[in-house]
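Chemist: First the structure, then my questions, so here it is.
The values are calculated or read from the model by the stated rules, or taken from the named source; none is laboratory data. Everything quoted here is computed from the prediction, not taken from an experiment. Here the Cβ positions follow ideal geometry from the backbone for every residue, glycine too, while neighbour counts run over all protein chains shown. Quick note on the areas: whole protein, heavy atoms, side chains included, nothing else; ligands and nucleic acids left out. Shrake-Rupley method; radii C 1.70, N 1.55, O 1.52, S 1.80 Å.
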Amino acid sequence: MNKHIPKLIGRLLLTVSVLCFGTAFGAGKKIVVASWGGSYEKAFYNAMAKPFEEKTGIKVVLTSYPDFAKMKAMVDTGNIEWDIVDIEDRMLYRGMKAGLFEPLDFSVIDKTKLISDAVHSHAVGLEIWAGAIGYSTEKYPGNNYPKNWADFWNVKKFPGARALYNGPYDMLEIALLADGVSMKNLYPIDVDRAFKSLDKIKDHVSVWWTKGAQPAQLLTDGEVDMTYAYSGRIANIIKDGVPAGLSFGQASVNPEWLVITKGSKVIKEAMQFLAFCTQAKPQAEFNVAMQYGPINIDAFNYIDKKVAERLPTAAKFIDSTWKPRAEWWAANSKELTERWKQWMLE
Amino acid sequence: MGQSTSEPTQFGWVFSLPSMLLLCVVFVYPISLFLSKCFFDPTPTLEHLIHLFESPVFFKVLWITFKISFTVTIISLLIGYPIAYLLSDVSEGTKSLLMILVLIPFWTSLLVRTYAWMVILGRRGILNKIIVGLGISDTPLKLLHTAFAVDIGMVQMMTPFMILALFSVMKGIDRRLLRAAASLGANKFQAFFRVFLPLSLPGVGAGTLLVFIYSLGFFITPALLGGRKEVMISMLIDEQISTLLNWGFASALALMLLLATLILFFLYSRFFRVERT
């Protein structure tokens, strides 16, 4: 019996040391990322999660969908299931107010090559999408398609069924653009003028969509002929052969953010992962797959020129697009959501 | 239960303890916790309730919710009653076949059925292809994203509930009573309206209540099939919870829906004597 004890201690020490070093090198750690499922999640896995796993040994588990209510419940109860969450621009401001995010460490994340619009004290951009006009090329062939929001509002020149987003975000701005306000003078929004302009198009809008995947479906099914849409979704159905087009005239450009949930147990690893996601190569790979705009300017070194000029952050679109002012919305969204609801019921 | 005559039934409630406990833990506790947010989010306040009564949207949406639920209940009853009658009046073999037809949609996911209606009612959908093909109309009709689409979609979801509630009462009605009525000179209609219909009323009461209350909480179907005016209260609650993160106001909305439902249930049970069913 006695002679077994040294052996046993030896084994124990070995196990303990393996465990210690293992954790020190990150093996066995895992990060859970809440993302948007489907082709988006697949592209994210291939461009970011998989290469990161291979490089560091830290496992990245993807789950869908980012649900803000769930995230708030996680922070409230301290039971953090998602370490990193993929969120929209206006959620960033709401989440900041509710204290849902960890501050980021920019000594780990290199922000020198990132575009300034996609860097925030508590979040870093994943991609930039455009709120643009998706249209049917069967209905509007060749060059005869709606090129800006005034065209979208012009039901005589462009007859057909329309769809808009069921909420005030971007809708008030495009209503002003349709009414002749310039992209530089949108804020602060003249709300009464915007609703007056929306009154003109209201009865020509046959669908008010609520989920980002709907516009692509509406165009595919022929349910509408033109719609306000998130660019990547439409780019994807064009790739699949649906007779649709994408018009970036007066489109809004919005960063999509990655944040670390407050109270995550793997903050250090999550920070490393964010640093990886913002590097040029993964940025190029993900954004080409999804047809979104990269947030690292060096990413364009890895992207074919012909592909690059179709992405929403391409140089040629800079003068024809505008950036929604999230701070303005953070201050006014509660009141305007209600006014929007009321207007919809009228 | 209080009028028990034998020893064991006095302790009958003991057997229901586990399920009561489970209900308390997974239902009563979380719901009270959430509803209390109406008064305590973030600090003790009446702000959410005051805001709710000041907002013109809430009462409009509550009215729409009741209107849609009422329409759906009535149509389900009109469709469900003859089917339930048939089910309770045919041979065993035919009955199981009919029952399968009632239950298959019941087992199919609500979301799948809602999307199926989108395929049928869409601008290039099956129904519009038939309408244009037959020359009834030159251009496709707007069927999807209307009140009509919401009604038809919800009626399809709800009719099986109605049928099952009606059937459970109708199968217990003694058919010899109808023959007795006939022997006393009643014709078929008189026998039905004066004997069968009154006896089936408890089923009507239970079925309409079930369908109405279930309909009040509908969310996905009106969101996908409805237009801009088909907004139901659950859609407002969802928006407050998941996009606006305003849980206090969401809780106030939920509380109002619960109260409205309870008041209605109370009035209804006085009228229909639900406890008998």
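Chemist: If a residue has to be facing chain B (nearest Cβ under 9 Å) and open to solvent by 80 Å² or more (accessible area, probe 1.4 Å) to count, how many in the range A:324-338 make the cut? Give the steps one after another, and end with the answer.
Modeler: Keep residues of the range A:324-338 that are facing chain B (nearest Cβ under 9 Å), which gives A:333-334, A:337-338.
Adding the requirement that they be open to solvent by 80 Å² or more (accessible area, probe 1.4 Å) leaves A:334.
So the answer is 1.
Chemist: Could you check, for the range A:249-260, whether at least one of its residues is surrounded by fewer than 22 Cβ atoms within 10 Å (Cβ to Cβ) and charged (D, E, K, R)?
Modeler: No, the range A:249-260 contains no residue that is surrounded by fewer than 22 Cβ atoms within 10 Å (Cβ to Cβ) and charged (D, E, K, R).
Chemist: Output yes when any residue across the range A:82-98 is away from chain B (no Cβ under 14 Å), over 20 Å from A:Gln283 (Cβ atoms), open to solvent by less than 20 Å² (accessible area, probe 1.4 Å) and touching a residue at least 12 places away in the same chain (Cβ under 8 Å), and no when none is.
Modeler: Yes: the range A:82-98 contains one or more residues that are away from chain B (no Cβ under 14 Å), over 20 Å from A:Gln283 (Cβ atoms), open to solvent by less than 20 Å² (accessible area, probe 1.4 Å) and touching a residue at least 12 places away in the same chain (Cβ under 8 Å).
Chemist: Now for a different question. Would you pick out the residues in the range B:102-116 that are closer than 24 Å to B:Gly207 by Cα and either surrounded by 12 or more Cβ atoms within 10 Å (Cβ to Cβ) or in contact with a Lys or Arg (Cβ under 6 Å, 6 or more places away or on another chain) (or both)?
Modeler: B:Val102, B:Leu103, B:Pro105, B:Phe106, B:Thr108, B:Leu110, B:Arg113, B:Thr114
Chemist: So, one more: So, of the residues in the range B:38-76 that are within 14 Å of chain A (Cβ to nearest Cβ) and not in a helix (DSSP H, G or I), which turns out to be modelled with the highest pLDDT?
Modeler: Filtering the range B:38-76 for residues that are within 14 Å of chain A (Cβ to nearest Cβ) and not in a helix (DSSP H, G or I), the one modelled with the highest pLDDT comes out as B:Ser55.
Chemist: Just to check your reading of the model, which residue among B:Val132, B:Val119 is open to solvent by 40 Å² or more (accessible area, probe 1.4 Å) and within 11 Å of chain A (Cβ to nearest Cβ)? Break it down stepwise before answering.
Modeler: Working: B:Val132 fails: within 11 Å of chain A (Cβ to nearest Cβ).
From the options B:Val132, B:Val119, the qualifying one is B:Val119.
Chemist: Across the range A:53-70, what is the total count of residues that are within 28 Å of A:Ala213 (Cα to Cα) and over 17 Å from the mean Cα position of the chain (by Cα)?
Modeler: Number of matching residues: 4.
Chemist: A further question follows. So which strands (runs of 3 or more DSSP E) stay within the range A:162-248 end to end and still have 1 or more residues that are touching a residue at least 60 places away in the same chain (Cβ under 8 Å), away from chain B (no Cβ under 14 Å) and open to solvent by 10 Å² or more (accessible area, probe 1.4 Å)?
Modeler: Where strands (runs of 3 or more DSSP E) fall fully within the range A:162-248 and carry at least 1 residues being touching a residue at least 60 places away in the same chain (Cβ under 8 Å), away from chain B (no Cβ under 14 Å) and open to solvent by 10 Å² or more (accessible area, probe 1.4 Å), they are A:226-230.
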